[in-house]
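J.: Once you've had a glance at the structure underneath, I'll fire off some questions.
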Amino acid sequence: MAGNSQRRNRRTSNKKGATVGSGGQRRKGLEGKGPTPKAENRKGHKAFRVSNAMTRNAAKRKPVARRGGKGQSEMVVGRNPVFEALRDGVPASTLYVQQFIDNDERVREALNLATGRGNINIMEAPRPELDRMTNNLNHQGLVLQVPPYEYAHPEDLAATAYDHHEEPLIVALDGITDPRNLGAVVRSVAAFGGHGVVVPERRAAGMTAGAWKTSAGTAARTPVARATNLTRCLEAYQKAGLAVVGLAADGDHEVHELEALSGPVVIVVGSEGKGLSRLVGETCDFLVRIPMPGGAESLNAGVAAGVVLYEAARRRMGTSL
């Protein structure tokens, strides 16, 4: 009897309970899902990736920007070079003046400029000391010490643009070794509203006194970042939602045809002779060419960057440029 009772209990416990009503869920399921989400809220849309990148970069931003390292200190020697460096706003920490120097017009002008800045030390030194400092260069009694340049971090260029609710416009230089070309690119980036320049850490021009002079003072407000590996830097920009556009004589697109220039973009400029390196070229999302009806084979880096930056600025501001 006990066994029969247990079997009946098991059968009873296996029976389904009362069916619960839908509670109106089916009716709600038939209702519409509302208006189409905004582009920045739709997965797979370019605006969604850019919005996510802005959020990630804003979260990673710190009150003090990361640095890309320091350059090397530099000496500018000679009366005319020192005067021109001071006149053109090249940063300087100390002006060394030879004892008993002939006080000509250039010396007086250099001293007046250094004094007027208010943050440059002026020190007298005997000629043998200046000879030692300059490795016996013809210093003519004037030596200007330029402090190491503080490079930005490549990620900070895009992050700063996003912080200001702007789409990044950055120029990366591949194989540019002439500081004057770097200075010219910095000047073009400043002129067309760009957010900075990226240079490789090795085998590339850095922010020397020559680059500062060519930038015509714009280097004071246009950051230059230094990348340990340019290819990996470009890949990081791609993950952050930026298009990477390389300049190449045999590019698939002409510069005025490329819609990508109206959005977040890195423009990569190679050397005048060799162009883009293989790995950098393969990393680019687009390769564009600049039409040259005059038949020139290539443009120097400063001019080429200026042409593409103009087109990017024109697209961003409409046709008013």
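The values are calculated or read from the model by the stated rules, or taken from the named source; none is laboratory data. Values in this document were obtained by computation on a predicted structure and should not be read as measured data. Here the Cβ positions follow ideal geometry from the backbone for every residue, glycine too, while neighbour counts run over all protein chains shown. All accessible areas refer to the heavy atoms of the entire protein, side chains included, with ligands and DNA or RNA removed. Shrake-Rupley method; radii C 1.70, N 1.55, O 1.52, S 1.80 Å.
J.: Specify the residue that is nearest to Thr228 (Cα to Cα); the eligible residues are those in segment 107-151 that are of a type in the set (Ser, Thr, Tyr) and surrounded by fewer than 18 Cβ atoms within 10 Å (Cβ to Cβ). Let's see the steps before the verdict.
T.: Restricting attention to segment 107-151, the residues satisfying the condition of being of a type in the set (Ser, Thr, Tyr) are 115, 134, 149, 151.
Filter once more, keeping what is surrounded by fewer than 18 Cβ atoms within 10 Å (Cβ to Cβ): 115, 134.
On the way: Thr115: 38, Thr134: 30 Å.
Only one residue tops the list, namely Thr134.
J.: Right, another one. Consider Val266 against the criteria (1) of a type in the set (Val, Ile, Thr); (2) over 12 Å from the mean Cα position of the chain (by Cα); (3) in a strand (DSSP E or B): it satisfies all of them except one. Which criterion is unmet?
T.: Every listed condition holds for Val266 apart from (2).
J.: OK, next. State all residues of segment 241-251 that are free of Cβ contacts under 8 Å to residues at least 40 places away in the same chain and more than 17 Å from Glu311 (Cα to Cα); if no residue qualifies, say none.
T.: As a first pass, look at segment 241-251 and keep what is free of Cβ contacts under 8 Å to residues at least 40 places away in the same chain: 250-251.
Matches in segment 241-251: Asp250 only.
J.: Give me the pairs: first residue in segment 224-240 and among the acidic types (Asp, Glu), second residue not in a loop (DSSP other than H, G, I, E, B), beta-carbon distance under 9 Å, and six or more apart or on different chains, which are they?
T.: Glu235/Val244; Glu235/Thr283
J.: In contact with a Phe, Trp or Tyr (Cβ under 9 Å, 6 or more places away or on another chain) and either open to solvent by less than 20 Å² (accessible area, probe 1.4 Å) or at pLDDT 90 or above (or both) - does that describe any residue in segment 266-288? So that I can check it myself, show each step before the final result.
T.: Filtering segment 266-288 for residues in contact with a Phe, Trp or Tyr (Cβ under 9 Å, 6 or more places away or on another chain) gives 266.
If we keep only those that are either open to solvent by less than 20 Å² (accessible area, probe 1.4 Å) or at pLDDT 90 or above (or both) too, we end up with 266.
Scanning segment 266-288, I find at least one residue that is in contact with a Phe, Trp or Tyr (Cβ under 9 Å, 6 or more places away or on another chain) and either open to solvent by less than 20 Å² (accessible area, probe 1.4 Å) or at pLDDT 90 or above (or both), so the answer is yes.
J.: Now for a separate question. Collect the residues in segment 126-185 that are over 30 Å from Thr115 (Cα atoms) and touching an Asp or Glu at 6+ places or on another chain (Cβ under 7 Å), keeping them in residue-number order. Talk me through it step by step, then tell me what you get.
T.: First pass over segment 126-185, keeping only residues over 30 Å from Thr115 (Cα atoms): 153-178, 181, 185.
Within segment 126-185, just Ala161 meets the criteria.
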